Amino acid sequence: MSRATQERQEVQESTTAELAPGVVIPLIGLGTWPMTGGEAADAVARAITNGYRHIDTAENYGNEEAVGEGIRRSGVPRGDLFLTTKFNRQWHGKAGVREAFGAATRRLGTGYLDLFLIHWPNPAEGRFVEAAEGLTRLAEDGLIRCWGVSNFKPAHLRELQAAGLQSPINQVQIDPEHQQLDQLAFHRGHGIVTAAYSPLGRNGGFLSAPAVTGPAEAYGKTPAQVVLRWQVQSGRVAIPKSADDRRQRENLDVFGFALTEAEMAGIDALDTGAPPRLDSDEFGH
């Protein structure tokens, strides 16, 4: 039995994942990079109107103000939304994380965050453990509902664990051609939720693969919907970016059908074994 199959058998159908007691994250979120300004505000407002309740942004995207504007424009109460943002290495450290929180919430126009992530580990600086400690204090003070990490390799996660810290979620690049099976196995073995950014890839070449187009034709779905279904049926959070009204609605509409084990295995077989686009031991901001 493959590790991917084993992972799926442990997952029950749901539209959310639990990060902590009382904290659930919708499995489909709106990615907002690289949108900025009016485009980002319009996309966020439109997405919320279309039914999105999970919005993902970051300090480094330069669009937190626009995301906040889109949320306000939607008219949906803040408490009905799940808002994630991430901070840069400038703020790594216990005190710095609190400063990062204050700056992020001012830009977003909200008093709290549902999820606050260390965007990159920047291991050469050696301060991501301190940053995680700062995040736990924000959570204890009720300023954030949950904390987590992004782009952390198993080695980085082990450093957190050695300090008595367990991130409930890790946002990493996962798509059919970049499945990072060792990363997923580590997450599964340690109860870490996987959030997939760029879940539809960058060039979308695999969207024309028979393993994707076959189920799309069978279920009357788009290839992108099939791939997002593969992501959530595997128990992962997926954060596709779209400013298009039709595609936003399609990206949410992935819970009314299920892929067979053979269809899932067909998409699993598209994995090239290639590493993620950026190496988090070397890249970071």
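The values are calculated or read from the model by the stated rules, or taken from the named source; none is laboratory data. Model, not experiment: these values are computed from the prediction. All Cβ positions, even for glycine, are placed from backbone atoms using ideal geometry, and neighbour counts span all protein chains on display. Remember, those area values only see protein heavy atoms, side chains included, never the ligands or the DNA or RNA. Shrake-Rupley method; radii C 1.70, N 1.55, O 1.52, S 1.80 Å.
Results, tabulated for the structure shown:
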| quantity | calculated |
| --- | --- |
| Any pair with Cβ under 7 angstrom, 6 or more apart, that starts in segment 257-285 at a residue that is touching a residue at least 12 places away in the same chain (Cβ under 8 Å) and over 19 Å from Tyr219 (Cα atoms) and ends at one that is open to solvent by less than 60 Å² (accessible area, probe 1.4 Å) and among the β-branched types (Val, Ile, Thr) | Pro276/Val172 |
| Residues satisfying the stated conditions in segment 136-186, i.e. in contact with a Phe, Trp or Tyr (Cβ under 6 Å, 6 or more places away or on another chain), farther than 18 Å from Leu113 by Cβ and either part of a helix (DSSP H, G or I) or modelled with pLDDT under 95 (or both) | Pro154 |
| Filter result for Leu278 (hydrophobic (A, V, I, L, M, F, W, C), closer than 30 Å to Ile118 by Cβ and touching a Phe, Trp or Tyr at 6+ places or on another chain (Cβ under 9 Å)) | yes |
| Selected residue [part of a helix (DSSP H, G or I) and exposed (fewer than 12 other Cβ atoms within 10 Å of the Cβ)] from Ala218, Ala262, Ala211, Ala224 | Ala262 |
| Output for segment 183-197, where each listed residue is touching a residue at least 40 places away in the same chain (Cβ under 8 Å), under 25 Å from Leu83 (Cβ atoms) and open to solvent by less than 30 Å² (accessible area, probe 1.4 Å) | Val193, Thr194, Ala195, Ala196 |
| Those residues of segment 227-250 which are open to solvent by 10 Å² or more (accessible area, probe 1.4 Å) and in a helix (DSSP H, G or I), in sequence order | Gln233, Asp245, Arg246, Arg247, Arg249, Glu250 |
| Output for segment 147-182, where each listed residue is open to solvent by 10 Å² or more (accessible area, probe 1.4 Å), over 15 Å from Gln231 (Cβ atoms) and not aliphatic (A, V, I, L, M) | Trp147, Asn151, Lys153, Pro154, Arg158, Glu159, Gln161, Gly164, Gln166, Pro168, Asp182 |
